[in-house]
Every structure is written in structure tokens, then in C-alpha cells.
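The values are calculated or read from the model by the stated rules, or taken from the named source; none is laboratory data. A quick note: this is a predicted structure, and the numbers were derived from the prediction, not measured. Ideal geometry is used to build each Cβ from the backbone, glycine not excepted, and the neighbour counts take in all protein chains shown.
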Amino acid sequence: MITLDYTFSLIDESELDEVIRKVEEINERVKRKPYPFMELPYIRFQLKEMEEMVRNLKKKRLEDVILLGIGGSALGAKAICEALLSYSRDKKPRLWILDNIDPFTINWVLEKIEKKKSLLVVVSKSGETTETLAQFMIFKDALREVSDLKEKVVIITDPQNGTLKRIAEKEGYLCLFVPRDVGGRFSVLTPVAMFPSLLMGVKIEEIFDGAKKMAEHIRTFSRRENMSFVIAAILYLMDKKGKSLHVIMPYCDRLIGFSEWFRQLEAESLGKGGKGPTPIHSRGVTDQHSQLQLYIDGPKNKFLIFMYSFSEGPSVPDSFSYLDELSYLSGKTLEDLFLAELTATKLSLLEASVPSIDIRIDEISAFSMGALFYLFEMVIAFFGELLGVNPFDQPAVEKGKVYTKALLGAKGYENVKSQIEILQSGKRAIVSL
Ligand code: PA5
């Protein structure tokens with residue numbers, strides 16, 4: 001189903017085995033005290049509640065679902081829906097994932113949606129994220145004429161604390177929760193991404209099954225037979241050897257959302273205390289004509305992770321039979337072309353001593369997506385332990401959130417203002433046209 005090929009990783013075998021041994025030790029510890037996200041494929045948190053809510057909401061004949069959330073509160077749903085739904089013909093309701101506050105986009109969506117047949121899904125673990133709260137306030141106001149609005153707002157947040165929780169209680173909105181000890185970017189297997197996916201028709205039980213299958217693989221297999229150990233060890237070794245730009249490059253449009261999800265997971269989990277790789281997401285074949293020159297011939301600080309999953313498509317017809325120079329193309333499928341392009345890219349990188357690994361997914365399905373999410377969550381957690389950083393917090397991001405509130409004049413942030421003034425007091429350097 002999912003195959004890792006690390007033939008071109010250019011890794012020294014004994015070094016790899018040494019790091020894998022360390023990951024195994026970490027894994028033994030983790031078996032005794034699992035990370036909170038590890039129980040999610042088993043407990044299937046609030047599955048019954050989600051199913052019932054979706055059953056009731058179907059009766060409302062929704063035209064538009066608007067997901068308001070950012071970072072870990074949006075990217076999981078985005079990855080799933082892009083992988084499994086973006087090419088389906090039957091697109092009702094339409095899903096809008098608003099993970100930004102660009103006024104132009106928000107205006108455009110406000111104009112497009114069928115307000116009386118819209119559902120707001122407001123997602124924030126902390127319940128305090130300024131962008132999400134602002135979006136919610138704007139959309140709630142835009143939908144003020146909707147008589148049954150109370151039944152058309154679903155809030156997904158912490159079960160105990162936060163402004164969003166208080167709003168849900170006060171106004172009587174539908175509510176789902178994120179388990180207390182599961183943080184944003186590790187929350188894909190909670191209602192955060194499972195509810196919008198289920199609402200859009202994804203078989204989320206299969207996502208959980210795929211994640212469970214991967215969990216069992218990780219628990220059971222040892223050494224180089226364990227995919228998570230090998231990937232975590234390679235990522236760590238690459239970083240250690242100065243190949244700290246990790247380019248994740250799916251040759252599969254449906255996995256672009258997944259690469260964005262991975263980019264957040266790796267960056268926010270590991271970028272701490274002066275450490276951590278820089279993930280870059282790229283797209284095959286498109287970026288062969290945009291980035292590959294740099295990857296092959298630029299600074300030798302990159303490592304590539306290819307992902308691919310082919311699907312049937314058209315063959316190239318013999319449209320210009322009088323042209324001998326095009327005869328190599330006619331009769332080939334686009335899959336033949338995709339594979340030739342990918343192989344050529346891997347070989348060119350190898351020749352230039354740029355390491356890469358590839359991950360083949362036989363079929364993009366709810367099951368394989370579940371397995372991939374779980375695999376990479378474990379990989380990043382192991383990688384964090386190897387680096388000696390806590391993969392589950394994000395202190396630097398929190399600081400930005402505090403400064404934003406202080407700049408906007410939020411109550412309780414008055415003393416942060418003086419800190420901001422000091423930071424802004426330097427000589428200004430501006431050029432304008
Ligand atoms: O991984 C994280 O914790 C963050 O990326 C959060 O998901 C993001 O900042 C949004 O936070 P919240 O879900 O609290 O609104």
C-alpha cells in the first residue's frame with residue numbers, strides 16, 4: 001500500500017543503523033508512555049456525535065460549508081478534502097476553507113455563498129486565535145438574517161477553556177471538542193478535520209483504520225523494517241549533515257494539500273532553540289521547470305522527499321504522424337510520462353550527489369491518507385526527540401499571537417505594549433516609489 005524507497009538517500013548504512021537504534025529506544029519509551037495523539041485511531045473521539053450531527057445537518061440541504069480556522073485547525077481538513085474530493089463531480093455542499101484573513105478573499109466568499117443554506121464550522125483548539133474569532137464575527141454578522149443560525153454553526157474547540165467555548169455555551173451553538181492534550185498540528189484525527197471531512201462525505205472510519213494499521217506497523221516492526229524509524233533516522237541524519245532544506249515534492253496533485261500539512265508539522269514542531277530543518281513544498285512535474293535547477297546545482301543543502309501515486313489517464317494520440325520527432329510520445333500514457341519525468345529527476349539528483357527518498361502510495365484513499373498522517377506524526381515526534389526539542393509546543397508562535405493582541409489594544413495586554421515600543425524604537429529604514 002505505502003512503499004518507502006531510500007535507495008538514493010546516499011546514507012552511510014552503519015550511521016543509519018546507529019540512529020535507528022536510538023529511535024528504537026525512544027519507541028520503547030513511547031510504548032510505555034504514548035504521545036496523546038497515538039490513541040486517536042483507537043478511541044475515534046466523538047465519532048457517534050459527529051455522525052449524528054452530520055445526519056441532522058444533511059436535512060438542511062446545505063449549499064456551502066465555510067470552515068474558519070488556521071494552521072493545525074485547517075490544514076488537515078484541507079489535505080483530506082484535496083486528496084479525496086477535489087476532483088469529484090458531485091460537489092454539494094461546496095467547501096470553503098478560510099485559513100487566511102485576506103479581506104479580498106473574505107469578501108469574495110461572502111458574495112458567493114448561499115447564506116440561508118450555509119454552515120459555519122469554526123475551529124480553534126485554544127478558542128483564542130484572533131484571525132478565527134474575527135472571521136467568525138464577520139460571518140455571524142453576515143448570516144444574521146438566517147432564522148435557524150443556531151443550528152448552522154458548529155464550534156470545534158477545547159472542552160474546557162477559551163473564548164470560543166464560552167460563546168458556544170452562551171449562544172447555544174453545536175459543539176465538538178478537541179481532546180485536551182492533543183495540540184493543533186497533531187489534531188488531524190480529531191473532530192478538527194474529521195467532522196468537516198465526514199460532512200463532505202469522506203469515509204472517516206477508513207481514515208482511522210489506515211492510521212491504526214500504521215500504528216500497528218510502527219509498534220510491531222523493528223529496525224529497517226519499520227518505515228517510521230527509517231524515515232525519522234534519515235531526516236535526522238540529513239539535518240545533521242547540513243541538508244537542512246527538506247523539499248517535499250509530490251508527483252500527484254491530490255497530495256499538494258498533504259505536503260502543506262507536512263510543512264507545518266515539521267516546521268512548527270522542530271524549529272526551536274536554533275535547531276530544525278526548513279521544509280519546502282514543491283510540485284512535480286511543474287517545479288522541474290521552476291525549482292529543479294536550484295535543487296540540483298545550487299547549494300548542497302537540500303534533501304528531497306518524493307511522493308507519488310499514479311492514476312489512469314489519457315494516452316497521447318498520434319496527432320502529428322508526419323513528424324518523426326514526436327513519434328516517441330505517441331501511444332504513451334501520461335502515467336508513462338510522469339514516471340519517466342520522476343525517474344529522470346531522481347537520477348539527475350543522484351548524479352549531482354543530492355539525496356532523495358520516495359514514498360509510493362498505491363492508491364490515494366481515506367485509508368492511505370490515515371496511514372500517512374499517522375506515519376508522519378510519528379516520524380516528526382521521533383525526529384524531535386532525536387534533536388532534543390519538544391515537538392509539541394510552539395513558544396515563538398505564541399509570542400506573535402500576544403503581540404497581535406497588544407497591537408490591537410486587547411484588554412490585559414497593556415504591559416506587552418512597552419515591549420513592542422522598545423522593539424519598534426530602532427531607526428526606520430524605508431524606500432518607496
Ligand atoms: O499547531 C498548532 O498549535 C498551531 O498551528 C495552531 O493550530 C494554530 O496556531 C491555530 O490555533 P488554534 O487552533 O488554537 O486556533
Hey, residue 22 assigned by TED's automatic domain parsing to the domain that holds residue 92 and not in a strand (DSSP E or B) or not: no
Residue within the stretch 96-117 that is without any contact (Cβ under 8 Å) to a residue 40 or more places away in the chain, within 16 Å of the ligand (Cβ to nearest atom) and not hydrophobic (A, V, I, L, M, F, W, C) present: yes
Number of the exception - residue 389 against (1) part of a loop (DSSP other than H, G, I, E, B); (2) under 14 Å from residue 215 (Cβ atoms): (2)
Residue tally, condition in contact (Cβ under 8 Å) with a residue 40 or more places away in the chain and either crowded, with 16+ Cβ neighbours inside 10 Å or within 17 Å of the chain's Cα centre (by Cα) (or both), over the stretch 272-284: 4
Unique residue being at pLDDT 90 or above and of a type outside the set (S, T, N, Q) when the list is 346, 399: 346
Hey, residue 269 surrounded by 21 or more Cβ atoms within 10 Å (Cβ to Cβ) and touching a His at 6+ places or on another chain (Cβ under 6 Å) or not: no
Filter result for the condition that a residue is acidic (Asp, Glu), over 24 Å from residue 193 (Cβ atoms) and within 29 Å of the chain's Cα centre (by Cα), over 362, 358: 358
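Please determine whether any residue of the stretch 285-306 is of a type in the set (S, T, N, Q), surrounded by 12 or more Cβ atoms within 10 Å (Cβ to Cβ) and touching a residue at least 60 places away in the same chain (Cβ under 8 Å). Walk me through how you get there before you give the answer.
Going residue by residue through the stretch 285-306, those that are of a type in the set (S, T, N, Q) are 286, 288, 290-291, 293, 301.
This time we only want the ones that are surrounded by 12 or more Cβ atoms within 10 Å (Cβ to Cβ), so: 286, 288, 291, 301.
Those left that are additionally touching a residue at least 60 places away in the same chain (Cβ under 8 Å): none.
So far as the stretch 285-306 goes, no, none of its residues is of a type in the set (S, T, N, Q), surrounded by 12 or more Cβ atoms within 10 Å (Cβ to Cβ) and touching a residue at least 60 places away in the same chain (Cβ under 8 Å).
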Restricting the stretch 304-329 to residues that are in a loop (DSSP other than H, G, I, E, B) and of a type in the set (Ser, Thr, Tyr), the residue that is nearest to residue 349 (Cα to Cα): 309
